[in-house]
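The values are calculated or read from the model by the stated rules, or taken from the named source; none is laboratory data. Quantities reported herein were computed from a predicted structural model and do not represent experimental measurements. Cβ: placed from backbone, ideal geometry, glycine included. Neighbour counts: every protein chain shown.
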Amino acid sequence: MTELKKLPNGFEYIEVNNDSCVAKIALNGAHVFEYKKKLFQDLLWVSEISDFSNDKAIRGGIPICWPSFGSSNPALPQHGFARTSMFELVFVTEIDAKTTQLLLRLVHNEKSLKLWNYKFELDLIVTLSDRLVLTLKTTNLDTKELKLTQALHTYFNVSHISDVSIEGLDKKPYFDAITNKTREQSGSISFNQEFDVIFQNVEDAIILKDKNRTIKIENSGSSSLVVWNPWIDKCSKMSAMEPEAYKEFVCLESANAYDDFKIIQKNESHTLQATFTLI
Ligand code: BG6
């Protein structure tokens, strides 16, 4: 079953409930903010004090950072403008009792052209079954080439940040956004301080191991992965986040960032896809 719901403040979202999962996707930002495989805990973390309104990004879930990741285009807001833009629901299909698919679309408009002077079509296909698949396709409808950096900025719900390890990044080069240094990873990652790193040359699956569950993250159209946790000091200064919230999530962001930017020629497209499976 799929329903379009509306909060009293006008915030609209799609609620999906099929035989394999329940999920919620906001039209503002095409933001997946809940995905729960039946009989399992929430895959995604969402801040208890997040705003759910049409002009703000939800703190948690899967914000879409587009057409610029971080502050790589200083003319744009941090992480671009898609996460605060209103998408159109193009279709919802119940492929079978266990699988629902929907397409949300953002097209250039007066407001976007003022911020970023390119004509484009941005499609997010969300496939909801016993795994979650996000397919983000950027098409350049302009006459000039465009440069794209982006991320599916997934906040994974974890039992406790100290119980988490990330595997699959051994020997990968990375840029550390805290020290501004480039290094090479050795072994798996665990967390005991602020972490804000862009890994490069990431072609294989990444494994997030938590105390009681393991999540596989597979990306295509991307060779960069951002790993982020704000830890104590930064968390207490962040918007829409309780000071202790850093313990409850880790962000693994399927990205085209740093050296992995994309140049898209006119009438061409680039597709970034992320698949999340509980194993
Ligand atoms: C991460 C960045 O992707 O997003 C961090 O690497 C940043 O540096 C974080 O703090 C959250 O960003 P925002 O704009 O959602 O507060």
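Regarding ILE189, is this residue closer than 19 Å to ASN157 by Cα and of a type in the set (A, V, I, L, M)?
Values: closer than 19 Å to ASN157 by Cα: yes; of a type in the set (A, V, I, L, M): yes.
Taking the combined requirement at face value, the residue satisfies it.
Kindly establish whether LEU113 is hydrophobic (A, V, I, L, M, F, W, C) and within 20 Å of THR271 (Cβ to Cβ). Against the criterion (hydrophobic (A, V, I, L, M, F, W, C) and within 20 Å of THR271 (Cβ to Cβ)), LEU113 does not qualify. Hey, does the range 23-43 have a residue that's among the aliphatic types (A, V, I, L, M), under 15 Å from THR154 (Cβ atoms), at pLDDT 95 or above and within 14 Å of the ligand (Cβ to nearest atom)? Within the range 23-43 (the criterion being among the aliphatic types (A, V, I, L, M), under 15 Å from THR154 (Cβ atoms), at pLDDT 95 or above and within 14 Å of the ligand (Cβ to nearest atom)), the answer is no, since none of the residues qualifies. Filtered by the rule that a residue be farther than 30 Å from LYS137 by Cβ and hydroxyl-bearing (Ser, Thr, Tyr), the range 151-189 gives SER159, SER162, SER165, THR179, THR182, SER186, SER188.
The selection criterion, being closer than 29 Å to ASP51 by Cα, at pLDDT 95 or above and charged (D, E, K, R), does not hold for ASP260.
Might you let me know whether the range 92-109 holds any residue that is in contact (Cβ under 8 Å) with a residue 12 or more places away in the chain and more than 23 Å from GLU3 (Cβ to Cβ)? Checked the range 92-109: at least one residue is in contact (Cβ under 8 Å) with a residue 12 or more places away in the chain and more than 23 Å from GLU3 (Cβ to Cβ).
Report, by residue number, each residue of the range 1-22 that is β-branched (Val, Ile, Thr) and either more than 22 Å from VAL158 (Cα to Cα) or modelled with pLDDT under 95 (or both).
At the first step, the residues of the range 1-22 found to be β-branched (Val, Ile, Thr) are 2, 14, 16, 22.
Result: THR2, ILE14, VAL16.
The number of residues in the range 185-230 that are more than 22 Å from LEU43 (Cα to Cα) and among the hydroxyl-bearing types (Ser, Thr, Tyr) comes to 2.
When only residues in the range 236-268 that are basic (Lys, Arg) and away from the ligand (no atom under 11 Å from the Cβ) count, which is farthest from ASP163 (Cα to Cα)? Spell out how you get there, then give the answer.
Taking the range 236-268 as the starting set, the residues that turn out to be basic (Lys, Arg) are 237, 247, 262, 266.
Those still in the list that are away from the ligand (no atom under 11 Å from the Cβ) too: 247, 262, 266.
On the way: LYS247: 10, LYS262: 35, LYS266: 46 Å.
Of everything passing the filter in the range 236-268, LYS266 is farthest from ASP163 (Cα to Cα).
Scan the range 127-149 and give yes if some residue there is in a strand (DSSP E or B), in contact with a His (Cβ under 7 Å, 6 or more places away or on another chain) and either hydroxyl-bearing (Ser, Thr, Tyr) or closer than 29 Å to ASN73 by Cα (or both), otherwise no. The answer is yes; a qualifying residue exists. Of all the criteria given as (1) in contact with a strand residue (DSSP E or B) (Cβ under 8 Å, 6 or more places away or on another chain); (2) among the aliphatic types (A, V, I, L, M); (3) surrounded by fewer than 22 Cβ atoms within 10 Å (Cβ to Cβ), the one not satisfied by LEU122 is (3). Considering the conditions (1) farther than 19 Å from CYS65 by Cα; (2) in contact with a Leu (Cβ under 6 Å, 6 or more places away or on another chain), ASP233 is excluded by exactly one of them, (2). If we scan the range 97-116, do we find a residue that is surrounded by fewer than 16 Cβ atoms within 10 Å (Cβ to Cβ), part of a strand (DSSP E or B), within 21 Å of the chain's Cα centre (by Cα) and within 16 Å of the ligand (Cβ to nearest atom)? No, every residue in the range 97-116 fails to be surrounded by fewer than 16 Cβ atoms within 10 Å (Cβ to Cβ), part of a strand (DSSP E or B), within 21 Å of the chain's Cα centre (by Cα) and within 16 Å of the ligand (Cβ to nearest atom).
Among the residues of the range 134-154, the ones that are farther than 14 Å from ALA30 by Cβ, surrounded by fewer than 21 Cβ atoms within 10 Å (Cβ to Cβ) and β-branched (Val, Ile, Thr) come to 2 in all.
Across the range 190-235, the qualifying residues are those that are over 24 Å from ARG131 (Cα atoms) and of a type in the set (Val, Ile, Thr), and the one among them that is farthest from the ligand (Cβ to nearest atom) is ILE232.
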